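Structure record follows, encoded as structure tokens.
Any read-out appearing in this document is the output of simple, stated calculations on the displayed coordinates, not a laboratory observation. If you're wondering where the values come from, they're calculated on a predicted model, not measured in any experiment. In this analysis, Cβ positions are derived from the backbone assuming ideal geometry, glycine residues included, and neighbour counts consider all displayed protein chains.
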């Protein structure tokens, strides 16, 4: 347009194949107009993928911590009778066994998913590994939430008991044990929150890809 | 390529701006090459959106059924003393109250989300409502899974008891009550599975949009 308005302008007319930069004044480098909009979504997807990796490592640590805290919870009371010593540990209650196994599975899955997450950083536009991670993350999220909810219900019962069903609270006797299992439940909820954010990040990335 | 190979071919060289169909032989209508790939993903996204609506209605029915089954569970034993009648109902146990409230919230949310799902059918390429639904579905999924897991832990305890903590099984006495609450837990797991599939469908739709 500009170069066509007057014959004595200083603009240099360069014949161009694609016709996109017909109005450039010859001072711009040839790649700038075309290159400017491209890196923005790719860099943005890369940022999302990096956050995904960070959240994934944090969720792995939280799940591992929850499994370890629950798995090592054990308390023996200082008094005992001739035939019996009072002690509590996690495998007295099947729900807590399920919790330990589930959290260990989730932590192991998150460790194995790290390479895929790194692939998503290196190639932010690949939607295949991203979609695979979305489905597997969702399964891990459901497993962790179910285990965390189940353990929370039992921990609540251990703290408060239930008079209607004659289930007595055991936390008066086993204080340290109850503290340990409560901490494990908090860790599992942290892992659940991080996994939910990872799934949302996957949605953002799939939307942007 | 083809039209440039020999000067005496029957192809007609038409000067074209974008250079995409330089090898067309002049028999195709001008819009066909560009228009052919377009309707396919749109119809595909519409199919995904219709499945989303169907799954959403099924999940709503499952969540509502679970809440109703748990909320109406009540059993009185046929014998009673002068001061006390033995009866069990869901609000004897706080976990079951949480279950009823959570499932009612999930069912209400799924009812309210139906218009958004219909918007996604009418406009399959709109990624805004789709992404909003993904986040809210994820919250509903977590809530339903947590409530289902917690109720399942208590139902297991009611069936089997726990000798280590002196929590006795109550299902010998309250058989109908236990059947009812077990059914409610199964309904919640059905709702969880459907919600997980809805989230996966959202991922597919966001990937295709």
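Computed quantities for the displayed model
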{"item": "Calculated FRET efficiency for the pair residue B:160/residue A:77, C-beta based, R₀ 35 Å, to 0.05", "result": "0.90"}
{"item": "Directionally averaged shadow of region B:90-209, computed from the convex hull of its alpha-carbon atoms, nm²", "result": "8.4"}
{"item": "Peptide A:191-200 - average C-beta neighbours from other chains (10 Å radius)", "result": "2"}
{"item": "For residue A:91, inter-copy label distances in nm, listed shortest first [label point 7 Å out on the Cα-Cβ vector]", "result": "4.2"}
{"item": "Residues residue A:135 and residue A:51, FRET efficiency given R0 of 25 Å [Cβ-Cβ distance, rounded to 0.05]", "result": "0.80"}
{"item": "Using a 7 Å Cα-to-Cβ projection, residue A:172 label spacings across copies, nm, ascending", "result": "2.5"}
{"item": "Label point distance in nm, residue B:42-residue A:122, each placed 7 Å from Cα along Cα→Cβ", "result": "3.9"}
{"item": "Length gained when the stretch residue A:61-residue A:179 is fully extended (0.36 nm per residue, less Cα-Cα span)", "result": "40.5 nm"}
{"item": "Shortest-first distances to equivalent copies, position residue A:118, nm, label 7 Å out along Cβ", "result": "5.0"}
{"item": "Between region A:144-158 and region B:76-154, the Cα center-to-center distance that results, in Å", "result": "17"}
